[in-house]
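Everything on this sheet refers to the single structure shown next.
Every read-out reported here was derived from the displayed coordinates using simple, explicitly stated rules and does not represent laboratory data. Small disclaimer: the values here were computed from a predicted structure and weren't measured. With ideal geometry, Cβ positions are generated from the backbone for all residues, glycine too; neighbour counts draw on all protein chains shown.
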Amino acid sequence: MNALDILEERGFLYQLTDAASLRRCLDERCVTFYVGFDPTGSSLHIGHLLPVMAMRWLQQCGHRAIALVGGGTAMVGDPSGKTEARPVLSLAEIDANAECLKAQLARFLDFSSAERAVLVNNATWLRELKYIEFLRDIGRHFSVNRMLAAESVKIRLETGLSFLEFNYMLLQAYDFYILRRDHQCDLQLGGQDQWGNIVAGVDLTRRLVGQEVFGATLPLLLKSDGEKFGKTASGAVWLDLARTSAYDYYQFWRNVEDAEVPKLLAFFTVLPMPEVRRLGALSAPAINRAKEILAFEATLLAHGFEAARQSYLAACGEFGFADRDGRIETSSRIHEVEAGEVAESIPTQALPAADLESGVLLVKLLVTVGLAQSNGEGRRLIQGGGCYLNDTRVTDEQRLVTRADLSGGELFVRAGKKNRRRVVVVG
């Protein structure tokens, strides 16, 4: 597939400057593209991941990524999406933050060679600019009327916009020109609130180098209540493990609203779209299985397989396993965990094979494995619909457990959502 088709199918694209020409370029050659990242913090958070995942797909299709760290523009502050000016950090703070972002981006992008991806800092060219020359060579290409019409500027005019921030559009546009001149960059990607800045960069670059370049924006990712995605009651969900543990990161994805699952699977996993649509269409309680897969895959990308494995096992141990549907198959690497290690993490009880010859009452088995204190409690659990044998609810208190219930010499008994036991037949 053309990279643009993949991005469209997965919902990444909001606006394009010239879709037909960009599609043709993506078909015919390797396209170099860039996304800018603001180093005013030492960590990316989930809200930054949409452009990162778009970059990952473009790179997977053979195109070349530039991750631009705004070490220079951070000294000015982007007014886009802000109601007030950002705090101005020192050069040392900005440079330290830029180093932290490098390591986090490398989890998603392949920086093994300059032909695959490079990370650049616009401080390299912006901090040494001479003001008069910049106004003469670059500023003359900008119309103040057009700048005032930009949505990011109009919003800030209501609360106050400093002349410092008003210059941000010029600097971001200049970045595109420099990246085209020095790195043959063809395409800039950013959030939909960046449209005015991106179009300005496309226009300036075409004027100065006389070559075709492109701009594209991604939709702002908001929750159903209009709040920014990636925010919780305790604050943002960070990629820095010192600020958000892998387990808490996993739990954020596991606890998203049911209606958000199809969109989030498309954005933040690499599962094929037919599988994304199938998982996203599940209804409760099976949709919880899709949330487990979403959480595992998202944690896998951000923190690696071992962190995803441990988080999955810990969450299942604390809250129980999502209701299973035997028809739910997945290409997610979660199956590697479930192939053996999930079973080993569950409290296990040995049962003599002779006990199953004539069958054992499920009520008694509940007592044997510690899920009920007495036969009466076991019967009440079954009558109340809280007992499961191999993830199938049992409501018959006279149910016998026999060899027919075994799979691979074992079976599973569960009380409610959390309390699960593995029974291994011996002898």
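Between D95 and E133, 0.36 nm times their residue separation minus their Cα-Cα distance comes to what? Present the calculation step by step, with values, prior to reporting the outcome.
Working: separation 38, 0.36 × 38 = 13.68 nm, distance 2.59 nm.
Residue separation times 0.36 nm, minus the Cα-Cα distance, leaves 11.1 nm.
What length, rounded to one decimal in nm, is gained on full extension from M273 through to S245, with 0.36 nm per residue of separation minus their alpha-carbon distance?
Numbers: separation 28, 0.36 × 28 = 10.08 nm, distance 2.89 nm.
So the chain would gain 7.2 nm between M273 and S245.
What does the net charge come to around T368 if you take all other residues with beta carbon closer than 10 Å to its beta carbon, with K and R at +1 and D and E at -1? Each step should come with its number before you reach the end.
Details: positive: K364, R421; negative: D355.
Charge balance in the 10 Å sphere: +1.
Please order F142, F412, F176, F163 by the number of other Cβ within 10 Å, starting at the fewest.
On the way: F142 17, F412 20, F176 27, F163 6.
Sorted ascending by nearby Cβ count, the order is F163, F142, F412, F176.
Using 0.36 nm times the number of residues separating E9 and D27, minus their current alpha carbon distance, what extension gain do you get?
Values: separation 18, 0.36 × 18 = 6.48 nm, distance 1.66 nm.
Length difference between fully extended and current span is 4.8 nm.
Rule-of-thumb check for the range 73-223: C-alpha Rg over 2.2 N^0.38 Å?
After normalising by residue count via 2.2 N^0.38 Å, the value is 1.07.
Assuming R0 = 45 Å, can you tell me the calculated FRET efficiency for the pair E357 and Q383, based on Cβ-Cβ distance, to the nearest 0.05?
0.95
On each of the three principal axes of the Cα atoms of the range 245-343, give max minus min coordinate, whole Å, ordered largest first.
Answer, in whole Å and largest first: 27, 26, 22 Å.
Over its Cα atoms, what ratio of radius of gyration to 2.2 N^0.38 Å does the chain give?
Working: Rg = 27.2 Å, N = 427, 2.2 N^0.38 = 22.0 Å.
Dividing the Cα Rg of the chain by 2.2 N^0.38 Å gives 1.24.
So what's the angle, to the nearest 10 degrees on a 0 to 90 scale, between helix 91-105 and the longest Cα principal axis of the chain?
In the chain, helix 91-105 runs at an angle near 50 degrees to the longest axis.
Rounded, prolate or oblate: pick one for the range 87-170, where a ≥ b ≥ c are the square roots of the eigenvalues of its C-alpha gyration tensor, a/c under 1.5 means rounded, and failing that, prolate if a/b is larger than b/c, else oblate. Working shown, then result.
Values: a/c = 1.98, a/b = 1.74, b/c = 1.13.
Here the range 87-170 falls in the prolate category.
Extending each Cα 7 Å along its Cβ direction at R393 and N419, get the distance between those two points in nm, one decimal.
A separation of 1.8 nm, rounded to one decimal place.
Arrange the following residues from fewest to most other Cβ atoms within 10 Å of their Cβ: M273, M169, M147.
Values: M273 14, M169 25, M147 17.
Fewest-to-most Cβ neighbours within 10 Å comes out as M273, M147, M169.
Can you pull out the GluC sites (Glu not before Pro) in the range 355-427 whose DSSP state is coil and whose Cβ has at most 10 other Cβ atoms within 10 Å? Mind showing how you got there, number by number?
Details: sites: E357, E377, E397, E410; in loops: E357, E397.
The qualifying sites are E357.
With everything on Cα atoms, drop me the angle between helix 287-303 and the longest principal axis of the chain, reported from 0 to 90° to the nearest 10.
With rounding to tens, the tilt is 50 degrees.
Relative contact order for the chain: what is it in percent, counting Cα pairs under 8 Å that are at least 6 residues apart? Intermediate results must be reported in sequence, preceding the final value.
Details: 655 pairs, mean separation 59.9, N = 427.
Once divided by the residue count of the chain, the mean separation gives 14 percent.
Regarding the range 346-426, what's the average projected area of the Cα-atom convex hull, expressed in nm²?
Values: hull surface 18.6 nm².
Directional mean of the projected Cα hull area for the range 346-426 stands at 4.6 nm².
Pull up all non-local amide H partners of V69: gap of 5 or more, or a different chain, and H-to-H distance under 5 Å with H placed in the peptide plane.
Placed amide hydrogens put F37, V120, N121, N122 under 5 Å from V69.
In nm, to one decimal, how far is the A284 label point from the L400 one, both placed 7 Å along Cα→Cβ?
Placing both labels 7 Å beyond Cα along the Cβ direction yields 3.9 nm.
How about K154: which aspartates and glutamates have a C-alpha closer than 18 Å to its C-alpha, ignoring those fewer than 8 places off in the same chain?
List returned: D78, E84, E165, D193.
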